[in-house]
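Enquirer: Pasting a structure here, questions to come.
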Amino acid sequence: MSKNSRKALGIFGFIIGILWLFPFYLIVTNSFKTPKGIFASVLSLPVNSTTDNYVNSFKALDFMASLTHSLIITVASVIVIILGSSMGAYALQRNKSKLSGGLLMLFISAMLIPFQSVMIPLTANFGGVHFLNMWGLVVMYLGFDCSLSIFLYQGTLSSIPLAMDEAAEMEGASRWQIFYKVIFPMLSPMTVTVAILNIIAIWNDYLLPSLVLPQTQYTIPLQMFNFFGQYTKQWHLALAGITISILPVILFYLIAQKWIIKGVTDGAVK
Amino acid sequence: MKNRSLSFWLFLTPTLVALALVVFIPVIEGLFYSFTDWDGLTYTKMVGFQNYIQLFHDKAFINAFWFTVGFVIVTVILLNVIGLGLALLVTQKFKGSNFLRTVFFMPNMIGGLILGFIWQFIFTQGFSALGDALHMSWLQNWLTNETTGFWGLVIVTVWQMSGYIMIIYIAYLQNIPNEVIEAAEIDGASAWQRFTKITFPMIAPAFTVCMFLTLSNGFKIYDQNLSLTNGGPYHSTQMLAMDIVNTAYNSSNFALSEAKAMIFFLIVAAISLLQVFYNRKREVDL
């Protein structure tokens with residue numbers, strides 16, 4: 001490619017990039033304006049900028065509490081999914097029987113079932129045994145998300161030779177020790193992928209937690225929905241709330257970008 | 001590990017139990033309840049296919065179905081065209097191309113619910129300000145009717161998912177050996193010829209992957225729909241997933257909601273099975 005056309009391409013890309021970022025510009029700049037300021041001009045930079053919106057929406061969102069709930073639920077679910085799925089995939093991959101093949105099909109077929117088809121009986125059952133809370137939600141995430149994770153782990157496991165298991169067995173390791181000490185560490189690249197995919201999905205999930213969690217355990221999206229209902233048309237507060245809510249994800253993205261892109265690619269292509 | 005060995009079953013216990021509790025038992029119950037007069041707690045009698053007959057006369061459901069189909073057609077086309085376009089752009093070697101990759105994927109990190117709120121502001125406040133400044137009346141009153149609600153949902157989805165589709169196309173574009181492109185260049189192939197004769201055929205598998213991803217995602221969208229238009233005005237922008245949820249929790253018509261959910265299941269499953277079938281066929285062809 002010639003130098004000029006490369007430059008032209010760079011300018012074109014730059015313009016598209018600006019266009020892509022424009023929503024963020026509008027949200028962030030207007031979150032520093034007073035209601036009058038937003039009314040006067042949406043597009044301009046804030047004139048008499050104020051941080052009151054942030055102080056107020058931080059309180060109204062009960063942000064530290066909802067951030068904590070989001071963190072606990074996401075971390076607990078992802079750990080349970082990683083452990084459960086890698087163990088399950090290991091058992092299925094190292095057993096070549098028809099039964100094992102059938103069980104794998106069972107897991108994969110569960111991916112076809114949309115959430116709305118199970119939603120009402122699921123919440124009724126968990127409610128019946130008083131499990132409509134964080135911990136019930138963690139079990140639900142394991143059930144919903146283990147299929148894809150098992151499928152991904154299964155692919156990686158097939159490239160780990162059986163000789164690894166046998167060598168450990170010769171040295172007297174139990175099945176659990178073989179898995180925990182030999183196999184699981186070799187799965188780490190896939191564990192990163194499984195973790196990333198589930199973190200993004202669980203952190204942002206709205207419908208399932210809205211049916212499961214009591215108000216005292218609200219996550220960021222649930223709190224945001226409530227907050228938005230209360231402050232309709234009070235855009236100065238709503239926009240500050242939005243900015244606070246997306247900040248953790250954006251930071252996570254900028255820090256872990258390399259793994260996120262790899263994880264998302266693996267998850268879609270495999 | 002042998003079928004009868006204890007460790008085989010112990011390793012599988014956590015996921016199998018969770019899968020049964022969370023997916024299989026509820027879906028069987030749901031299927032059963034769709035043939036009853038269930039009210040969410042109890043049922044008094046079996047009603048045969050009555051709920052299924054009713055849903056075909058349910059205006060809200062039929063509207064939601066056609067609205068969703070339209071939405072899916074438009075977004076599948078736009079997402080693939082724009083996603084591939086962005087992928088081609090950022091895989092060229094120019095200053096800032098890596099940064100652009102970061103920018104394009106960023107919206108995909110934010111959940112659908114919050115994305116909808118972000119764009120609600122942009123459509124209602126930002127667009128009207130822009131319309132005033134540029135004297136364009138079509139930028140006014142967005143989200144107040146079905147047409148602008150539809151295009152609003154399309155824009156949000158395109159902004160969110162283009163970066164995701166881009167990432168997948170990039171993965172395939174990077175697999176094209178450089179020598180092939182260079183050889184064609186030496187043979188005097190134009191940029192357009194190189195794209196249509198080499199690049200495009202070589203990323204055909206990516207096209208299948210992205211087609212089905214965008215297809216099944218489009219059918220399942222709920223969060224954006226809830227936060228952007230909440231189905232309004234007058235349920236005109238309500239999509240399938242939302243109609244099912246509202247039939248249950250707003251109208252308390254649980255049996256009908258389950259029947260709708262089973263039809264929804266059939267649609268989504270059919271798309272996924274079609275994908276499996278296509279992939280198999282493609283692998284045979286290669």
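Bear in mind these aren't lab numbers, they're just calculated from the coordinates by the rules spelled out. Note that this is a predicted model, so its numbers are computed, not measured. Note that we place each Cβ from the backbone using ideal geometry, even for glycine, and neighbour counts take in every protein chain shown.
Enquirer: Sorting B:187, B:39, A:165 on the 10 Å Cβ count, fewest up front, what's the list?
Expert: So the residues, fewest neighbours to most, are B:187, B:39, A:165.
Enquirer: Based on the Cβ-Cβ distance of residue B:73 and residue A:58, what FRET efficiency does E = 1/(1 + (r/R0)^6) give at R0 = 51 Å, to the nearest 0.05?
Expert: Here the calculated transfer efficiency is 0.75.
Enquirer: Another question about this same structure. Which one, A:155, A:65, A:103, projects farthest toward the positive side of the charge dipole computed for the range A:63-230 from Cβ point charges (K/R +1, D/E -1)?
Expert: A:103
Enquirer: Could you please rank B:173, A:106, A:247, B:153, placing first whichever residue has the fewest other Cβ atoms within 10 Å of its Cβ?
Expert: A:247, A:106, B:173, B:153
Enquirer: Same structure, new question: Within 10 Å of each Cβ of B:211-223, how many other protein chain Cβ atoms are there on average?
Expert: Partner-chain Cβ atoms within 10 Å, mean over residues of B:211-223: 1.
Enquirer: Using the Kyte-Doolittle scale, which helices in chain A average at least 0.0 and also have C-alpha atoms spread 30 Å or more along the helix axis, with helices defined as whole DSSP H runs?
Expert: A:3-30, A:63-93, A:134-157, A:235-269
Enquirer: If a helix is a whole DSSP H run, which ones in chain B reach 18 Å or further along their own axis (Cα) and hold a mean Kyte-Doolittle hydropathy of at least 1.0?
Expert: In chain B, the long hydrophobic H runs are B:6-19, B:59-90, B:146-173.
Enquirer: Still on this model: Hey, if you put +1 on the Cβ of every Lys and Arg and -1 on every Asp and Glu Cβ in chain B, which of B:127, B:100, B:70 ends up farthest toward the positive end of that dipole?
Expert: B:100
Enquirer: Mind checking which lysines have their C-alpha under 30 Å from residue A:258, skipping anything on the same chain fewer than 8 residues away?
Expert: A:3, A:7, A:181, A:270, B:93, B:95, B:220
Enquirer: Rounded to the nearest 20 debye, what is the charge dipole size of the range B:53-285 about its Cα centre when +1 sits on each Lys and Arg Cβ and -1 on each Asp and Glu Cβ?
Expert: 180 debye
Enquirer: Any lysines with Cα under 20 Å of the residue B:45 Cα? List them, leaving off those in the same chain fewer than 8 positions away.
Expert: B:260
Enquirer: Just how large is the dipole of the protein assembly as shown about the Cα centre, in debye to the nearest 20, putting +1 at every Lys and Arg Cβ and -1 at every Asp and Glu Cβ?
Expert: Computed charge dipole of the protein assembly as shown: roughly 820 debye.
Enquirer: Partner chain Cβ atoms within 10 Å, averaged over the residues of A:122-128 - can you pull that number for me?
Expert: Rounded to a whole number, the mean comes out at 4.
Enquirer: Just want the answer: with Cβ charges of +1 for Lys and Arg and -1 for Asp and Glu, which residue in B:213, B:18, A:222 is farthest toward the dipole's positive end in the protein assembly as shown?
Expert: The residue sitting farthest along the positive end of the dipole is B:213.
Enquirer: A further question follows. Counting other C-beta atoms within 10 Å, which of B:44, A:265 has the fewest, and how do the rest follow?
Expert: Final ranking by Cβ density, sparse to dense: B:44, A:265.
Enquirer: Then there's this: Divide by every residue of chain B the summed helix terms, -39500 (n - 2.57) for each DSSP H run of at least 4, and state the resulting mean residue ellipticity at 222 nm, rounded to the nearest 500 deg cm²/dmol.
Expert: -22000 deg cm²/dmol, from helical runs alone.
Enquirer: Residue by residue through A:4-11, how many Cβ atoms from other chains fall within 10 Å of the Cβ on average?
Expert: That works out to 3 on average.
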